[in-house]
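Nothing in this text is a laboratory measurement; each read-out follows from the coordinates by a stated rule. This one's a predicted model, so the numbers in the text were calculated from it and none came from an experiment. So basically every Cβ, Gly included, is an ideal-geometry build from the backbone, and we count neighbours across all protein chains shown.
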Amino acid sequence: MIESSILWEETVQPGATWSHVLKRGTALRMTDVAGGANAGAIFYNFECPTERFNMPDTLKAQHIARLTEGFVLYSDMGRVLCSIIEDTVGWHDPLAGCSNRAMIADRYGDARYQECRNDYYKNARDSFLVELGKWGLGPRDLVANVNFFSRVDVAADGAMSFHAGNSQPGSYIDLRADMNVLTIVNTCPHPLDPNPKYDPKPVHLSIRRVGTAGPDDPCRLSRPENERGFTLTERYFL
Amino acid sequence: MSAIVESKLNPADAVYREVIPAGEPWIREIRKGQHFRIVDLGGNQAVDTLFYNAHDYSDRFSAQDTIREQRNIYLTTGTRLLSTAGTVLLTIVADTCGRHDTLGGACANESNMVRYAIEKRHMHACRSSFLKAVIDWDHGMSKRDITSNINFFMNVPVTPEGKLTFEDGISESGKYVEMRAETDVLALISNCPQLNNPCNGYDPTPVEILIWDSPEK
């Protein structure tokens, strides 16, 4: 991997939202500075946002129910939006979806801006919808999301459970953009987080240039499906 | 989670019956209170299904919300099929198969190229059927409205290590799943044509739809 200097860094505050078009050949590093963070994220081909991250295509092409280094995020058009080129966390959750207003109110009560200013309680679904709105997108564009830094275990009988302590302080994940990817991230709590307190964590971001996937790219080589996915992605840009 | 429960409803009392051949879509509104049954006539046939709030198609079936709220990835009797806005669209009230999937999604020309071979783009796939159906429905729906679906009768196990596979089906000829509409819904089905994996037992077959008016009057 070509190491390159950081173009810029910033912090997504607890419960806050961020979006950016990751350019093909740049990588976004998300770092869980305090431990126990959750970064909900959705992804779109910026050039044609009806092409978007597809959770089932991502899981079944790679035979996975969790995300980590060596795997990629597929769009619904058979192309690779992003590759996980490095990951010190080991497990990210593609199953549990996102929090919503009723859930947050039920679990944590009300905390309005009037009383709490910018610490008012936020939920991921509203956060996604507002940020999508800024890009001219709406409810019909909201699809299944990834929860980075979080882990949900699935037992043999299908039972889902939140796995505490998955992400340690300082752990990070690098997402390389293999297309020009509209990326929306928020740091609202995971929808299965058992914490009785509303206590979202910040996530540190940095962007750097890493170049596109070469012939020996580990994500390309990790399975034949991904070899074909990268071929189709490269053809898109020809 | 698996809850084998038989329905008490008699097919002779159904107000609607239709057989969907393999590879065809089906789209119809179902009114609140009606019961909607899908019968796996040939055994091990994947039935890719989407539901929408009939009064607002942007309020649509959400796989992640549905499995998270029941804390289980498998759909069976008792499962409430939830929408993106938290609406309960339907409840599964009877199930003689015992397990249905909502992580495997629908096949597409594009995902088939990734999963099998670039040369397989031409093979018929569910997402083409979904798009054809919504175009013909002519209510302004488009690709934006096609999201992660249910696969009735399909077996897609997930392991504790975080792996996922398409296994041989556990359904059989005559098995069915029956749902009660908790609100007016639009139902969209693609009877899956996939030949590249065992989701249809390598032999896509017809399924039957039956609808009853509410027996709870």
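Look at the stretch B:142-149: the mean tally of other chain Cβ atoms within 10 Å of its residues' Cβ atoms is 5.
Give me the angle, in degrees from 0 to 90, between the Cα long axis of helix A:224-236 and the longest principal axis of the Cα atoms of chain A, rounded to the nearest 10. Roughly 80 degrees between the two axes. Relative to one another, the C-alpha centroids of region A:107-183 and region B:65-144 are positioned 22 Å apart.
Using only atoms on other chains, find how many Cβ atoms lie within 10 Å of each Cβ of peptide A:58-70 and report the average.
Numbers: counts 2, 8, 13, 3, 4, 7, 6, 12, 5, 1, 1, 0, 0.
Other-chain Cβ atoms within 10 Å of each residue's Cβ, averaged: 5.
Between the amide H of B:LYS175 and those of B:ASP40, distances stay under 5 Å, these residues lying 5 or more places away or on another chain, with hydrogens modeled in the peptide plane.
Take the Cα radius of gyration of chain B and divide it by 2.2 N^0.38 Å, N being the number of residues; the result is 0.95. Value of Rg to Rh for chain A, rounded to two decimals, is 0.96; Kirkwood radius and Rg both from alpha-carbon coordinates. Placing +1 on the Cβ of every Lys and Arg and -1 on the Cβ of every Asp and Glu, with no other charges, gives region A:39-86 a dipole of roughly 140 debye about its Cα centre.
What you get for region A:6-236, charging only the Cβ of Lys and Arg (+1) and of Asp and Glu (-1), is a dipole of about 340 debye around the Cα centre.
Under 26 Å of direct C-alpha separation, and excluding same-chain neighbours fewer than eight residues apart, B:LYS175 reaches these lysines: A:LYS60, B:LYS8, B:LYS32.
Converting phi to 3J(HN,Hα) with the Karplus coefficients 6.51, -1.76 and 1.60 and the offset θ = phi - 60°, region A:136-142 yields x, 9, x, x, 6, 9, 7 Hz in sequence order, with x at every glycine or proline.
Across the options A:SER150, B:SER142, A:ILE6, the greatest Cα extent toward the positive end of the charge dipole of the protein assembly as shown (unit charges at beta carbon of Lys, Arg, Asp, Glu) belongs to A:ILE6. Peptide B:152-162 has a mean shielding of 5, counted as Cβ atoms of other protein chains within 10 Å of each residue's Cβ.
Arranged from highest to lowest average of other beta-carbon atoms within 10 Å per residue, in what order do the peptides A:65-76, B:31-42 appear? If you can, show how the numbers build up before the last one.
Values: A:65-76: 24.1, B:31-42: 19.8.
The densest-packed peptide leads the list: A:65-76, B:31-42.
Based on the alpha carbons, how large is the Rg to Rh ratio for the protein assembly as shown when Rh follows Kirkwood? Don't jump to the answer; show the numbers that get you there.
Values: Rg = 21.5 Å, Rh = 22.3 Å.
A ratio of 0.96.
If you add up the charges near A:ARG24, with Lys and Arg at +1 and Asp and Glu at -1, over every other residue whose beta carbon is less than 10 angstrom from its beta carbon, what do you get? List each step's numbers first, then the result.
Details: positive: A:LYS23, A:ARG176; negative: A:ASP178.
Summing Lys/Arg as +1 and Asp/Glu as -1 gives +1.
Phi angles across region B:197-213 convert, under the Karplus curve 6.51 cos²θ - 1.76 cosθ + 1.60 with θ = phi - 60°, into 3J(HN,Hα) values of 8, x, 4, 10, x, 6, 8, x, 10, x, 10, 10, 9, 10, 10, 10, 5 Hz, Gly and Pro given as x.
Working note: Karplus 6.51/-1.76/1.60 with θ = phi - 60° gives region B:73-90 the couplings 7, 9, 9, 7, 3, x, 5, 9, 7, 9, 9, 4, 8, x, 6, 7, 7, 8 Hz, where Gly and Pro are set to x. Charge dipole (Cα centre; +1 on Lys/Arg Cβ, -1 on Asp/Glu Cβ; no other charges) of the protein assembly as shown amounts to roughly 580 debye.
Under 5 Å from the amide H of B:ARG28 lie the amide H atoms of B:ALA187, each residue being 5 or more positions distant or on a separate chain, with H modelled from the backbone and absent for Pro and chain starts. Between A:LYS122 and any residue 5 or more places off or on another chain, the built amide H atoms are never under 5 Å apart. Residues considered: A:ALA16, A:ALA111, A:ALA177. Largest GNM mean-square fluctuation over chain A, using C-alpha springs under 10 Å, is found at A:ALA111. Using only Cα atoms, find the angle between the long axis of helix A:124-134 and the longest principal axis of chain A, and express it within 0 to 90 degrees, rounded to the nearest 10. On a 0 to 90 degree scale, this one is about 60. Note on region A:145-238: Rg/Rh from Cα positions, Kirkwood definition for Rh, rounded to two decimals, is 1.04.
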